[in-house]
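Let me begin by presenting the structure, written as C-alpha cells, before commenting on it.
Only the coordinates and a few stated rules stand behind these numbers; no lab work does. Because the structure is predicted, anything quoted here is derived from the model rather than measured. So basically every Cβ, Gly included, is an ideal-geometry build from the backbone, and we count neighbours across all protein chains shown.
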2 protein chains.
Amino acid sequence: MANLDDALREAAATIISALTRYIPAPEGAQKRLFEAMRYSTFAGGKRLRPFLVLAGADLFGVPRAHALPTAAAIEMVHTYSLVHDDLPAMDNDDLRRRQPTCHKKFDEATAILTGDSLLTLAFEAIAASSGHPDPAVRADLVHALAIAAGAEGMAGGQMIDLEAEKKNGALDLDAIIHLQRLKTGALIRFSCEAGAIMARARDEHRRALRIYAACIGLAFQITDDLLDHESTAEQLGKAVGKDAKAGKATFVQLLGADEARRRAHAIIDEAEAVLSPFGSKSALLRDVARYIVERKN
Amino acid sequence: MANLDDALREAAATIISALTRYIPAPEGAQKRLFEAMRYSTFAGGKRLRPFLVLAGADLFGVPRAHALPTAAAIEMVHTYSLVHDDLPAMDNDDLRRRQPTCHKKFDEATAILTGDSLLTLAFEAIAASSGHPDPAVRADLVHALAIAAGAEGMAGGQMIDLEAEKKNGALDLDAIIHLQRLKTGALIRFSCEAGAIMARARDEHRRALRIYAACIGLAFQITDDLLDHESTAEQLGKAVGKDAKAGKATFVQLLGADEARRRAHAIIDEAEAVLSPFGSKSALLRDVARYIVERKN
C-alpha cells in the first residue's frame, strides 16, 4: 500500500503544520501550558483520525482548506483524551509513544490543563470564520464533535471502562462492543462523517460512511487487543499486557486470538464493501481499512 | 435591590431547568458520570454568569429561548472549571458551597471526566440547531466561548496561578490584574458580550459591554479577596484565608483592605457609567455591578 503510506505521510505533515499554527508559541506567562500542549500534540502518532477527515472530505470534493480546521481539531481532541486517560487517577501510564506521558514530563496539574485547553482549542478551530465558509456547517461540525467526545461518546466510554476495571472487568462481548463504540468508536465515526457534513452530502452517503466508521472502529480495537496480546513493549512503544493484567475484558480474552483476528478481517471486508457507492474515489479509505488490521503498532 | 433579587432568582430557576434538560438522566452504563455532572452542577451558586447572558440578551431584545442555550453553557463551563480546579493536583479543595467537592464525593477519575464532559456539553448546547436560529451566531458564540475558556483565557489563567503559587506568589499588582483577566475575567466578559453577539449589535455597544465586563470582573475578584480576608468559613461555605496561607498574592495583601475596597467601588462606578448608552434598559446590569461589591458571600 505504497499510495496509502505516501498519503498518510503527506496528510500528517499538513496536520502537524496546521497544529503548529493553532497552538500558541511557548512564550509569555502561560509558557509552560503551551509547551505541554505542544509536547503532547507533537509526540508522534499515526494521525489516523485527521487523515480520515481529509480523505472523507476528498470523497465529496471539499477543498482541503475547508476541511483542515476539523482535521486539526480531531487530533487535538484525540490528544486531550490520551493526556487525561494517562493520568494517575485514570489509567496511570508513564509512557506513551516511547516518551514520558504529559504528567510525567510536566506534572499532573499541567496535564489536566493541557487536556482541557486542547479540547477547548478544537472547538475554537472548527468554529473560526477562517475555517469552513458556511457557518451552518461549522455549527453542525461543532455539534457532532461535541456529541462524539462527550458523556454520551468518548468521555462516557472512559467512565464505563474505569467502572468495569473497578468491578474486575466482568464485561461480556456485548458490553465491550458498547464500550468500544463510545470510547474509541465515537471519534472515528465523527472523523469519517465530517466530510459528508462539510459537503451536506445526501443521507445514503452519510449512512455508508457511518457503517464504514463503525466497522473500522471495531476492527481497530480488536487489532489493538491483538497487538497488546502479541507484541513487546519495544514494538509498541508503551506497556503491553496491561489490560489483561488489570483484569479488563478484551476481545482476545473473550474470543481467543484466532477468532478475534478472523472477526477483525471479516469486519474490514464489510467496511470495504459499504464504500462501493463511492467507486474508485474511495480507494484510500479501503486501504485504510486494510491497514487497520494489518498494522504492527 | 429587591428587583435584582427577584431577577436573579427567576433566572436561576430558568437556568436550572435548562441544565436539567441538557445533562443526561443518571441511568445506564454512564450513570456515575451523569450523577457527578448533576451533583456538581446543581450544588447551588449564584448563577451569575448565565444571569449576565440573559440580561445582556434582554438589552437587545433577543428572545429568551435564543439566549438560554448559551446561558446554560456558560454555567457548565464555570462548573467544569470549579470541578477541575478543586482536584488534589490543582487547588486541592475538599469543600465547595458547603458540600464535598466532586472528587471527594465520587473520586478523582470521575471528577476529571465530569469536568471534561461539562465543557464538551457546553459547546454541544450552543451549537445545536435548537438554539439560536442563526447558525452564524451559533458558530460565533462557540468561537468566543472557546477563546474565553481556553489556554489564552480561563485555563491559561489557572496555569499562571499555579505557577505563581509554586514560586511563592511573588506577583505584583499588574501581574495579578493580568491573572484575574484570564482566570475569572474572560468568562465574565463572554457572558456580558454574548447577547451582543446574538443580536449582531454594533461595535459601540459591544465595546461598552466589554468595558462593563472588565470592570465587574476585576471588582468581583477584589471583593472575593476581601471576603476571603474578612469572612468565616461558615459564612462562605468554603475554606477561608487559603490564598494568603498559600503565599498567593491577593489584592488585599498588595493594597490593604481599605484601599482594595475603595478601588472596587470606584471600578463599579465606572461599570455603571459605561452602560449609559443603554439607558433604563440596563438597570439590572447596574444593580448587578453594585451587588458584586456589596455581596457577603
Worksheet item: When both residues are 6+ apart or on different chains and their Cβ atoms are under 7 Å apart, which pairs have a first residue that lies in region A:279-293 and is more than 16 Å from A:ALA11 (Cα to Cα), and a second that is among the polar types (S, T, N, Q)?
Response: A:ILE292/A:THR223; A:VAL293/A:THR223
Worksheet item: What is the one condition in (1) β-branched (Val, Ile, Thr); (2) more than 8 Å from every other protein chain (Cβ to nearest Cβ); (3) out of contact with any Ser or Thr (no Cβ under 9 Å at 6 or more places or on another chain) that B:VAL83 does not satisfy?
Response: (3)
Item to complete: Test each condition in (1) assigned to a helix (DSSP H, G or I); (2) within 17 Å of the chain's Cα centre (by Cα); (3) within 22 Å of B:ASP224 (Cβ to Cβ); (4) without any contact (Cβ under 8 Å) to a residue 60 or more places away in the chain for B:LEU52 and report the one that comes out false.
Response: (4)
Worksheet item: What is the one condition in (1) within 20 Å of the chain's Cα centre (by Cα); (2) more than 14 Å from every other protein chain (Cβ to nearest Cβ); (3) surrounded by fewer than 24 Cβ atoms within 10 Å (Cβ to Cβ) that A:ILE216 does not satisfy?
Response: (3)
Worksheet entry | Residue among B:THR14, B:THR20 that is surrounded by fewer than 17 Cβ atoms within 10 Å (Cβ to Cβ) and in a helix (DSSP H, G or I) | B:THR20
Fill in: Residue in region A:23-35 that is farthest from the other protein chains (Cβ to nearest Cβ), counting only those that are surrounded by 13 or more Cβ atoms within 10 Å (Cβ to Cβ), assigned to a loop (DSSP other than H, G, I, E, B) and of a type outside the set (Gly, Ala, Ser)
A:PRO26
Discussion item. I'd like to check which helices (runs of 4 or more DSSP H) are fully inside region A:96-210 and have at least 1 residues that are aromatic (Phe, Trp, Tyr), touching a Cys at 6+ places or on another chain (Cβ under 6 Å) and at the interface with chain B (Cβ under 7 Å from one of its Cβ atoms).
Written reply: none
Practice prompt. Working only within region B:157-181, note down all residues that are surrounded by 18 or more Cβ atoms within 10 Å (Cβ to Cβ), under 15 Å from B:THR250 (Cα atoms) and among the hydrophobic types (A, V, I, L, M, F, W, C).
Written response: B:ILE160, B:LEU162, B:ALA164, B:LEU171, B:ILE176, B:LEU179
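Suppose we filter region B:107-118 for residues that are surrounded by fewer than 20 Cβ atoms within 10 Å (Cβ to Cβ) and touching a residue at least 12 places away in the same chain (Cβ under 8 Å); how many remain? Give the steps one after another, and end with the answer.
If we filter region B:107-118 for residues that are surrounded by fewer than 20 Cβ atoms within 10 Å (Cβ to Cβ), which is where we start, we get B:107-108.
With the extra rule that they be touching a residue at least 12 places away in the same chain (Cβ under 8 Å), the set shrinks to B:108.
Of the residues in region B:107-118, 1 are surrounded by fewer than 20 Cβ atoms within 10 Å (Cβ to Cβ) and touching a residue at least 12 places away in the same chain (Cβ under 8 Å).
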Practice prompt. Scan region B:64-73 and give yes if some residue there is under 15 Å from the mean Cα position of the chain (by Cα) and within 11 Å of chain A (Cβ to nearest Cβ), otherwise no.
Written response: yes
Item to complete: Sort out which residues of region B:129-142 are closer than 16 Å to B:VAL77 by Cβ and surrounded by fewer than 24 Cβ atoms within 10 Å (Cβ to Cβ), and write them in order of number.
Response: none
Worksheet entry | The listed residue being touching a helix residue (DSSP H, G or I) at 6+ places or on another chain (Cβ under 9 Å) and over 22 Å from A:ALA18 (Cβ atoms), out of A:THR120, A:THR114, A:THR110 | A:THR110
